[in-house]
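J.: Just passing along the structure, written as structure tokens.
The values are calculated or read from the model by the stated rules, or taken from the named source; none is laboratory data. As the structure is a computational prediction, the values presented were derived from the model and not from experiment. Note: ideal-geometry Cβ built from the backbone for every residue, glycine included; neighbour counts use all protein chains shown. Please note that ligands, DNA and RNA were not included when accessible areas were found on the heavy atoms of the full protein model with its side chains. Shrake-Rupley method; radii C 1.70, N 1.55, O 1.52, S 1.80 Å.
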Amino acid sequence: MNGAATQAFGGRRFDPSTPVFALLALLLAALIFLPMGWLAVFSLTDRAGHLTLDHFAQLLSDDDMVRPLAVTMIVATSVALLCTLVAAPMAWLIARTDMPLARPVRLLVMASFVTPPFLGAVAWEILAAPNSGLINQLYRLAFDLGRESRLVDIYTLLGLILAIANYTFPYVFILVANGLDRIPADMEDASSILGASRWRTAARITIPLVLPAILAGTLIAFLQAMNNFGSPAIIALPAGFHTMTTKIWSMFQYPPQPGLAAAAAVPLLVITIMLLRTQHAMLGRRGYAVVGGKGGQSRLVRLGWLRWPALGFCMLVVGGAVILPYAALVLTAFAKTLTITWSPAGFGLDNFRFVFFEFSSTPLALKNTFMLGFAAATVGTVVTLVIAYVVSRRAVPGHGLLGFLATAPIAIPGIVFGVGLFFAYTHPPLVIYGTLAIMFIAFLTTELPIGFQQFQAAFRGIHIELEEASRILGASRLRALKDVIAPLIVTAVVSTWCFIFIAAIRELSAAVLLYTANTKVLSVVIYDLNENGELGSIAVLGLLLLVVTFAIIALAYRLPRAQSIPTSA
Amino acid sequence: MADVELQGLTKRYGDQTVVNSVDLKVGHGQLVCLLGPSGCGKTTTLRLIAGFLEPDAGTIRVGDRLLSGPGQALPPEQRGMSMIFQSYALWPHMTIADNVAYGLTLRRLDRAEIDRRVQTILEVTQMAAFAQRYPGELSGGQQQRVALARALVVQPETLLLDEPLSNLDANLREEMRFEVRRLHDQYKYTTVYVTHDQAEAMTTADMIVVMNKGRIEQAGTPVQIFEEPETEFVARFLGGTNILRGRHVGDNMVQSGAIALSCARGRAGTGEVAVSIRPHRVELHTAQPAGDGRNVATAQVRRQVFLGVTRDYLVTLEDGTELRAITTTDVDIAAGAAIWIRLPPNHCRALAS
């Protein structure tokens, strides 16, 4: 390079992207690999620190460990099949037929989606506990039966499966409904024009096209059920059996068995990673169902008289998942006792008074929950925004690594991550166990993938040429970000913040391993109250959680949508 | 004078060389079209000029200024260029007036001057009535005009256009071709225009640069490129052509099968050559044409289509070679007829193959 040339470039300005990249990559790697590394260490060493495979041997031979594993597989498989059988037809009915009340049903499915599963489990406990359950009380009242008679019992394997499925089927529903929305109407029209009836078109064209989405939904439902801690903790423990997640939790109770807990977390981690890879392969296959296409509005299949049974089926599902449990929570929150009564004197604000003014845990838990939610949402939004920008614009070499790291926590079940964090931060150099900081790290890390995926989608919608047009007219990179990207991304920023906030304030499975007396959060308090049978107080706190959740969702949906971007290249 | 000069410009992605030592000089005020099929490296070349990419080898200069060299590149915002993007890239959150004013604001002009220039350019591009609209409220053609206005208003040293008309429908595309040329004649910015559409290139360009597989195949005026293609690729890509394969037998003579072809033009080497003749230059005769028998062969009509202005023929030579011929509608020969064809020497072009 000759002298004139170097001069022409002037002094090269400092480019901040490389150090920012390095810092982010280091931060993410530490967040993920520190806990996972310690998990590996603990699973492979004994108390003296010697290398051993004893924990894994015990995992496979001890009946106390094998049985929870078997129960977990039975529960997860049943939930996955049940959810698929229920949610896939529901998605089709709502997206593609003239079934009445499709929109309200869709909203109720979304309500089930945002209901914390542990809260749903408590609500079903209120409804279907063998003695005090409202359904059983009504049954005895209606038929004038003795105290021993019962219609339903939630404390069974079937009860657990149903309680989990109630809050898992929306995953299948959403994937299938999105898959249906993405099938260009042309494809169905092409079948009709060749002479196929609507029913035949549905069977030969539509359903095969969404099959990958259905299977992917089944896998996600399986994972959700397998890694669920709240529901089995509430239903399986009183019933006298364990799933893997509750078993891992119990190993942190006295006497603690950290090595065994670490080993027990490994199968959950491995199965999750394997199934996510399978799901990715299914949805990633190009030229198939999930590939977007243009095309007008799909025409709806006419169900005729069948639309009433169809509606009945949908109402049964959302009734069990949302309407009945919510009604039970409201009733319990206002009731003075758990016995059914028709007298107005049986209702009052006693539970509210207790929870908000007498119960000492409430103020601290509220403060902790909302502080953590706020911090995790704010930091998480900023971090994922920067990562998604760097990745989507390929701004630095190695951007793919950042994307991988930001997505990786999705493969780590909450309880597994809790175990890893417990080990990582009870040991030097970082001893933060017992502080809010460890909870913050847990919530931040587990919610990174949500934020990253939100922003990646947002940046995909912002054509890179919009930014380049600003650069070529004389704007620096930062100026282009301020003038062009910031106004276009603001909606995504707010909605991502809301997503993370909602997810953080309901997190239980990692929190339950990490909390101490001073760092209790709402979900943990609810869990504690359940152990003491304080259903009235739970109902109040649960409703509070739901009200905040719905308020934030409403806020996110009220935002003005960004102007449609005229770049249909 | 601000010529744009590329020297040995090379860009690789992995082991794929997308732009392969391209040398090109665009004179001040000239409009040059980079023309080629998709994947030929034309857009990459444009993005290298804009500074969105850094070259792996070679340099880009504008006038005396070195803009890009291996491993370093002046950022796009310091190049004094403007660009029209394939997607138009109008900012959806700004009005038309704000979109157009943006570049002037960055140049810190005072408000009155900005308003005056925005008004002027919107009038020139016939978009003044839409100043307060948002891009989402405009049709494709109107968005295209705004993109032109936004790029022109800053009076760039160099103007870059990346397939600017490819998202328009056919009628509008034709109209906008002339519009681009009209605005160029009015402002005379040094312009590099990327397209895969030969009609677009011929309408707008002072010079056409045909690219293929990362290299320049041929550069010249539209007439040169069409009438004097130097390679088979150029002959085929512009306008379509018939190719006859044969051996060079000296003195501008090529023996192709049974036909002895006298080629008036071309720069064939020795050995195997390809002779190109455009379909509308092929003559069809029902009787043997007079002369020494050179450039004449017997053939059979396989297909004839009446196209209103012309007739389109497909004929087969004795050795099976197929030729297309486009004639006036007066020449009416039924399919199946045995005929003579004549390939006029001054339109036969021997190409290096």
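J.: At 0.36 nm per residue, and after removing the present C-alpha to C-alpha distance, how many nm does the segment from A:Phe357 to A:His50 gain when stretched out fully? The partial results should precede the final answer.
T.: Numbers: separation 307, 0.36 × 307 = 110.52 nm, distance 5.18 nm.
Fully extending the segment from A:Phe357 to A:His50 adds 105.3 nm.
J.: Sticking with this structure for a sec: Taking only the C-alpha atoms, wrap a convex hull around region B:1-63 and report its volume per residue in Å³ as a whole number.
T.: Working: hull volume 4.8 nm³, N = 63.
Cα-based convex hull of region B:1-63, divided per residue, equals 76 Å³.
J.: Another question about this same structure. Which Cα, out of B:Ile339, B:Tyr13, B:Ile216, lies furthest along the positive dipole direction of chain B (beta carbon charges, K/R +1, D/E -1)?
T.: B:Tyr13
J.: For the protein assembly as shown, what is the number of Lys pairs with C-alpha distance below 23 angstrom, counting only pairs 8 or more positions apart or on separate chains?
T.: For the protein assembly as shown, the number of qualifying lysine pairs is 10.
J.: Are there residues in region B:81-120 whose accessible area shrinks by at least 40 Å² when all protein chains are included rather than the chain by itself, and which are they (probe 1.4 Å, ligands and nucleic acids not counted)?
T.: Residues shielded by partner chains are B:Phe85, B:Ser87, B:Trp91, B:Pro92, B:His93, B:Tyr102, B:Leu106.
J.: Between B:Arg116 and A:Ser476, with labels modelled 7 Å along Cα→Cβ, what's the label distance in nm to one decimal, could you check?
T.: Here the modelled spin labels are 3.0 nm apart.
J.: Can you pull out the buried accessible area for chains B and A, both sides counted, probe 1.4 Å, rounded to the nearest 100 Å²? Please report the intermediate quantities before stating the final value.
T.: Working: alone 16340 and 27310 Å², together 40580 Å².
That pair hides around 3100 Å² of surface in total.
J.: With +1 on each Lys and Arg Cβ and -1 on each Asp and Glu Cβ, how big is the dipole of region B:241-351 about its Cα centre, in debye rounded to the nearest 20? List each step's numbers first, then the result.
T.: Working: 13 positive and 10 negative charges, 69 e Å.
That gives a dipole near 340 debye.
J.: Quick check: residue separation of A:Arg302 and A:Leu85 times 0.36 nm, minus the Cα distance between them. What number comes out in nm? Don't jump to the answer; show the numbers that get you there.
T.: Numbers: separation 217, 0.36 × 217 = 78.12 nm, distance 2.15 nm.
Full extension of this stretch gives 76.0 nm more.
J.: Then there is this: Would you work out the Kirkwood radius for region B:4-227? I mean one over the mean of 1/r across all pairs of different Cα atoms, in Å. Intermediate values should be presented prior to the final figure.
T.: Details: mean 1/r = 0.0560 Å⁻¹.
Mean inverse Cα-Cα distance, inverted, gives 17.9 Å.
J.: Can you run phi through the Karplus equation (6.51, -1.76, 1.60; θ = phi - 60°) for region A:102-107 and list ³J(HN,Hα) in whole Hz, with x for Gly and Pro?
T.: 4, 5, x, 5, 4, 5
J.: Same structure, new question: So what does log10 I(q)/I(0) come out to for region B:155-280 at q = 0.11, 0.16, 0.18 Å⁻¹, using the Debye formula with one equal point on every Cα and no solvent?
T.: Once normalised to I(0) and log-transformed, intensities are -0.50, -0.84, -0.97.
J.: Do me a favour and compute the ellipsoid semi-axes for region A:323-363 from its Cα gyration tensor, root of five times each eigenvalue, largest one first, whole Å. Write out the running numbers ahead of the final one.
T.: Details: eigenvalues 85, 37, 9 Å².
Those come to 21, 14, 7 Å.
J.: What are the ³J(HN,Hα) couplings of region A:31-48, residue after residue, when phi is run through the Karplus curve with 6.51, -1.76, 1.60 and θ = phi - 60°? Round to Hz, x for glycine and proline.
T.: 4, 8, 7, 4, x, 5, x, 5, 4, 4, 4, 5, 6, 10, 10, 8, 4, 7
J.: Treating each Cα of region B:196-262 as an identical point scatterer and ignoring solvent, apply the Debye formula and state log10 I(q)/I(0) at q = 0.11, 0.12, 0.24 Å⁻¹.
T.: -0.34, -0.39, -0.99
J.: Within region A:240-272, list the residues whose amide N lies under 14 Å from a label point set 7 Å along Cα→Cβ of A:Ile74.
T.: Once the point is set 7 Å along Cα→Cβ of A:Ile74, A:240-244 turn out to lie under 14 Å by backbone N, inside region A:240-272.
J.: Is region A:169-280 rounded, prolate or oblate when judged by the Cα gyration tensor, a ≥ b ≥ c being the square roots of its eigenvalues, rounded requiring a/c under 1.5 and prolate requiring a/b larger than b/c? Walk me through the intermediate numbers first.
T.: Numbers: a/c = 5.25, a/b = 3.11, b/c = 1.69.
Judged from the Cα gyration tensor, region A:169-280 comes out prolate (a/c at least 1.5, a/b above b/c).
J.: Using the crude model of +1 on Lys and Arg Cβ and -1 on Asp and Glu Cβ, and no other charge, please compute the dipole size for the protein assembly as shown relative to its Cα centre, in debye to 20. Mind dumping the intermediate values first?
T.: Details: 73 positive and 66 negative charges, 129 e Å.
In total the dipole reaches around 620 debye.
J.: Also: With N denoting the number of residues in region A:196-243, provide Rg(C-alpha) divided by 2.2 N^0.38 Å, to two decimal places.
T.: Numbers: Rg = 18.2 Å, N = 48, 2.2 N^0.38 = 9.6 Å.
Ratio of Cα Rg to 2.2 N^0.38 Å: 1.90.
J.: May I ask for the equivalent-ellipsoid semi-axes of region A:312-390, computed as the square root of five times each C-alpha gyration tensor eigenvalue and listed largest first in whole Å? Mind showing how you got there, number by number?
T.: Numbers: eigenvalues 277, 118, 8 Å².
Listed largest to smallest, the semi-axes of region A:312-390 are 37, 24, 6 Å.
J.: Over region B:4-227, with the other protein chains present, what is the accessible area per residue in square angstrom, probe 1.4 angstrom? Please report the intermediate quantities before stating the final value.
T.: Working: 8370 Å² over 224 residues.
For region B:4-227, the per-residue accessible area is 37 Å².
J.: Set the Förster radius R0 to 45 Å, insert the Cβ-Cβ distance between A:Asp63 and A:Asn178 as r into 1/(1 + (r/R0)^6), and round the FRET efficiency to 0.05.
T.: Numbers: r = 43 Å, r/R0 = 0.96.
Efficiency at R0 = 45 Å is approximately 0.55.
J.: Just to be sure I understand the curve: with the Debye formula and one point per C-alpha of region B:241-351, what is log10 I(q)/I(0) at q = 0.20 Å⁻¹?
T.: For the requested q values the scattering log ratios are -1.01.
J.: Round to a whole number: what % of the accessible area of region B:4-227 belongs to carbon and sulfur, probe 1.4 Å?
T.: Values: 3800 of 8370 Å².
That share works out to 45 percent.
J.: Continuing with the same structure: Extension gain B:Arg65-B:Val309, at 0.36 nm per residue separation less the Cα-Cα distance, in nm? Walk me through the intermediate numbers first.
T.: Working: separation 244, 0.36 × 244 = 87.84 nm, distance 5.19 nm.
Result for the pair: 82.7 nm of gain on full extension.
J.: Non-local amide H neighbours of A:Val301 (under 5 Å, H modeled in plane, Pro and chain starts lacking H): which ones?
T.: It is A:Thr97, A:Asp98, by chain and number.
J.: Right, another one. Percent of alpha carbon pairs in region A:364-508 separated by more than 25 Å?
T.: Values: 3732 of 10440 pairs.
Here the long-distance tail beyond 25 Å is 36 percent of all Cα pairs in region A:364-508.
J.: Label region B:52-139 by shape, choosing from rounded, prolate and oblate, from the square roots a ≥ b ≥ c of the eigenvalues of the Cα gyration tensor; if a/c is under 1.5 it is rounded, and otherwise prolate applies when a/b is larger than b/c, oblate when it is not. Walk me through the intermediate numbers first.
T.: Values: a/c = 2.92, a/b = 1.95, b/c = 1.50.
Verdict is prolate for region B:52-139.
J.: Return, in residue-number order, each cysteine of chain B whose C-beta is not under 4.7 Å from any other cysteine's C-beta.
T.: When partners are defined as cysteine Cβ atoms under 4.7 Å apart, chain B leaves B:Cys33, B:Cys40 without one.
J.: Then there's this: Counting only residues 5 or more places away or on other chains, whose amide H sits under 5 Å from the amide H of B:Arg215 once H atoms are built in the peptide plane?
T.: Sorted by chain and number, the residues that satisfy this are B:Asn20.
J.: Can you pull the one-decimal nm distance between simple spin-label points at B:Glu123 and A:Val490, each 7 Å off the Cα toward Cβ?
T.: Once both label points are built, they end up 3.4 nm from each other.
J.: Taking Cα atoms of region B:118-196, Rg/Rh with Kirkwood Rh, to two decimals? Show your work: numbers first, answer last.
T.: Details: Rg = 12.2 Å, Rh = 13.0 Å.
Using only Cα positions, Rg/Rh for region B:118-196 is 0.94.
J.: Hey, another quick one. Residue-wise, which Karplus ³J(HN,Hα) couplings in Hz belong to region A:147-162, taking 6.51 cos²θ - 1.76 cosθ + 1.60, θ = phi - 60°, and x for glycine or proline?
T.: Rounded to whole hertz, the list is 5, 7, 6, 8, 9, 9, 9, 6, 7, 9, 4, 5, x, 5, 4, 5.
J.: Using amide H atoms built in the peptide plane, which far-off residues or other-chain residues are under 5 Å from B:Arg302 H to H?
T.: Result for B:Arg302 returns B:Leu314, B:Val315, B:Thr316, B:Gly336.
J.: Efficiency by 1/(1 + (r/R0)^6): what FRET value for A:Ser197 and A:Met315, r their Cβ-Cβ distance, R0 = 25 Å, to the nearest 0.05? Can you show the working numbers first?
T.: Values: r = 28 Å, r/R0 = 1.11.
That gives a FRET efficiency of 0.35.
J.: Another one. What FRET efficiency do you get for B:Thr329 and B:Asp197 if R0 is 22 Å and r is their Cβ-Cβ distance, rounded to the nearest 0.05? Don't skip to the end; give the middle numbers.
T.: On the way: r = 28 Å, r/R0 = 1.26.
That pair, B:Thr329 with B:Asp197, gives E of 0.20.
J.: At 4 °C and a viscosity of 1.567 mPa s, what translational diffusion coefficient does Stokes-Einstein give for chain A, taking Rh as the Kirkwood radius over Cα pairs? Give it in µm²/s as a whole number.
T.: Working: Rh = 26.0 Å.
In µm²/s, the coefficient is 50.
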